[in-house]
Amino acid sequence: MAHNNSSSKKEKTKRNSKKTAKERLREFWDRFEKDDNVLVVINADPDALACAMAVKRLLRYRVKNVTIGYPNEIRRLSNIAMVDLLKIRAERFQNLKIKDYSKYVIIDSQPTHLPSFENIQFDAVIDHHPATKGWRAPFVDIRKDHGAAASMLVEYLRAAEIKPSVALATALFYAIKVDTQNFEKKATLADAISFRYLFNIANQNLVRKIELSELRISELNYFKTALAEMKVSKKRLYAHVGRVRNPDILVIIADFFNHVNRVSWAFVSGIHGERLVVIFRCDGYKKNAGKLAEKIFGDRGSAGGHREAARAEVPLKNLLTEDEEFTTEMLKKLTTKHL
Ligand SMILES: [Mn+2]
């Protein structure tokens, strides 16, 4: 097949981007037959879940059965809420027998992204991440300019003249919001067009309900600790929260502190496993959290990020002596040295 001929890869990309939505849909549909059992493989996050739902809809009357399989554990509360509220049926990958299926689709990801995907010969790949090498598939649609793969799937649905149900539209709408961070991250006109199309069909109250499902009641105790520990000096706010079960809570607390007027930096740390995790927040205007994180912790662990948000993870043994305990005061000392 002339498909993955490397000499024409550029041409292929060009050709791919010139295709109409109807041509893509037709080629995608052509990969399937009436008695196919289709496995849609995703790494379950909002974009991937929404896309998998869309693929299921696209194939509803064209194949025998579509199963959605994901290898990762869904842990974020908002993602759990999305699955529950929108009644998304998906199976843990580990519980499925790969051989039970006749066709394999991977969405919002690529065969090389996870080791568990590598043994599957995919029939279709639809994604918006930069194209990786070392695999081939009969149908490939990778458009990395798209902020969300969900925007691409909306194009397929519209080309198929399928009006999505409220649940599907809500999933796709939420997916675009998450992947483009409410259009604060890179997005194209195509994302905006899909978003606008979904706006009239999606249930905004459901979207809000999903977005508001962020904190566990038990996690409010970390807020208590953070507020008690909090030190403010020179418009900088520091808090060490101690041991946490999941470092995501540190991000939520740091984001919260970053909303305080006249606070130009928020530093929140916690211990997760054998590591100190530090979350950096600032406005990113004339400041650079990523650079600061690297300066402070780069030589002792992993550190980096963007102008407005950064993170460092350092093995405790690189910071402390045997029976020393990390404190808010230490967090303050470490950061002020470099500011
Ligand atoms: Mn995505």
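Taking Cβ atoms as reference points and 15 Å as the exclusive limit, the residues near Lys87 contribute a net charge of +2, counting Lys and Arg as +1 and Asp and Glu as -1. Using a cutoff of 8 angstrom between alpha carbon atoms and counting only pairs six or more residues apart, the relative contact order for segment 80-146 works out to 24 percent. Restriction of the trypsin sites (Lys or Arg not before Pro) in segment 262-308 to DSSP coil positions whose beta-carbon has at most 14 other beta-carbons within 10 angstrom yields Arg262, Lys286. Couplings 3J(HN,Hα) of segment 287-292, computed from phi: 10, 9, 5, x, 5, 5 Hz, in residue order, whole Hz [Karplus 6.51 cos²θ - 1.76 cosθ + 1.60, θ = phi - 60°; x for Gly and Pro]. Taking each residue as 0.36 nm, the span from Leu339 to Arg76 lengthens on full extension beyond its C-alpha to C-alpha distance by 91.3 nm. Taking amide hydrogens as placed 1.01 Å from N in the peptide plane, the amide H of Val241 sits under 5 Å from those of Ser269, Gly270, each at least 5 positions away in sequence or on another chain. Across the accessible surface of segment 6-211, with the other protein chains kept in place and a 1.4 Å probe, carbon and sulfur atoms take up 49 percent. Charge dipole of segment 220-336 (Cα centre as origin; +1 on each Lys and Arg Cβ, -1 on each Asp and Glu Cβ, all else neutral): 600 debye, rounded to the nearest 20. Considering only alpha-carbon pairs that sit under 8 angstrom and 6 or more positions apart, the relative contact order computed for segment 144-279 is 18 percent.
Here Lys177 is the anchor, and the lysines within straight C-alpha reach of less than 23 Å, apart from those fewer than 8 places off in the same chain, are Lys56, Lys87, Lys144, Lys163, Lys185, Lys186, Lys209.
Taking trypsin sites (Lys or Arg not before Pro) across segment 191-229, the ones in a DSSP loop with at most 16 further Cβ atoms lying within 10 angstrom of their Cβ are Arg216. Each of Gln121, Ile296, Asn205 was scored by the projection of its Cα onto the charge dipole of the chain, and the greatest displacement toward the positive side belongs to Asn205; charges sit on the C-beta of Lys, Arg, Asp and Glu. In this structure, the amide hydrogen of Val140, modeled 1.01 Å from its nitrogen in the peptide plane, lies closer than 5 angstrom to those of Val125, counting only residues at least 5 positions away or on a different chain. Structural descriptor for segment 6-211: relative contact order 22 percent, calculated from alpha carbon pairs under 8 angstrom and at least 6 residues apart.
Exposure here means at most 14 other Cβ atoms within 10 Å; with chymotrypsin sites (Phe, Trp or Tyr not before Pro) in a DSSP loop as sites, the longest stretch of the chain lacking them is 62-182. The Cα atoms of segment 213-313 give a gyration tensor whose axes a ≥ b ≥ c have a/c of 1.5 or more with a/b no greater than b/c, which makes the shape oblate. Counting only Cβ charges, +1 for Lys and Arg and -1 for Asp and Glu, the dipole size of the chain around its Cα centre is about 920 debye.
3J(HN,Hα) couplings calculated from phi for segment 18-23 with the Karplus curve 6.51 cos²θ - 1.76 cosθ + 1.60 (θ = phi - 60°) are, in sequence order, 8, 4, 7, 4, 5, 5 Hz; Gly and Pro show x.
Not counting the cut sites, what is the longest span of the chain without GluC sites (Glu not before Pro) that DSSP labels loop and that have at most 16 other Cβ atoms within 10 Å? With a cap of 16 other Cβ atoms within 10 Å, the longest stretch comes to 215-273.
Only aspartates and glutamates eight or more places from Lys332 in sequence, or on another chain, were considered; those with a Cα closer than 17 Å are Glu229, Glu294, Glu313, Glu324. Note that segment 176-189 has calculated 3J(HN,Hα) couplings of 5, 4, 5, 5, 9, 6, 6, 6, 8, 9, 3, 8, 10, 4 Hz, one per residue in order, obtained from phi through the Karplus relation 6.51 cos²θ - 1.76 cosθ + 1.60 (θ = phi - 60°); glycine and proline are x.
Neighbours of Lys22 by Cβ distance under 12 Å: Lys/Arg scored +1, Asp/Glu scored -1, total 0. Projecting the Cα positions of Ala187, Pro71, Gly270 onto the charge dipole of the chain (unit charges on Cβ atoms of Lys, Arg, Asp and Glu, taken about the Cα centre) puts Ala187 furthest along the positive direction. Normalised per residue, the accessible area of the chain is 54 Å², obtained with a 1.4 Å probe and no contribution from ligands, DNA or RNA. The shape of segment 6-211 comes out rounded: with a ≥ b ≥ c from the C-alpha gyration tensor, a/c is under 1.5. Remark on Ile68: its backbone amide H falls under 5 Å from those of Val40, Glu91, a criterion applied only to residues 5 or more positions apart or on other chains, H modelled at 1.01 Å from N.
The values are calculated or read from the model by the stated rules, or taken from the named source; none is laboratory data. What you see is a predicted model, and the numbers here were worked out from it, not measured in a lab. Positions of Cβ are generated from backbone atoms using ideal geometry, with glycine treated the same way; all protein chains shown enter the neighbour counts. Quick note on the areas: whole protein, heavy atoms, side chains included, nothing else; ligands and nucleic acids left out. Shrake-Rupley method; radii C 1.70, N 1.55, O 1.52, S 1.80 Å.
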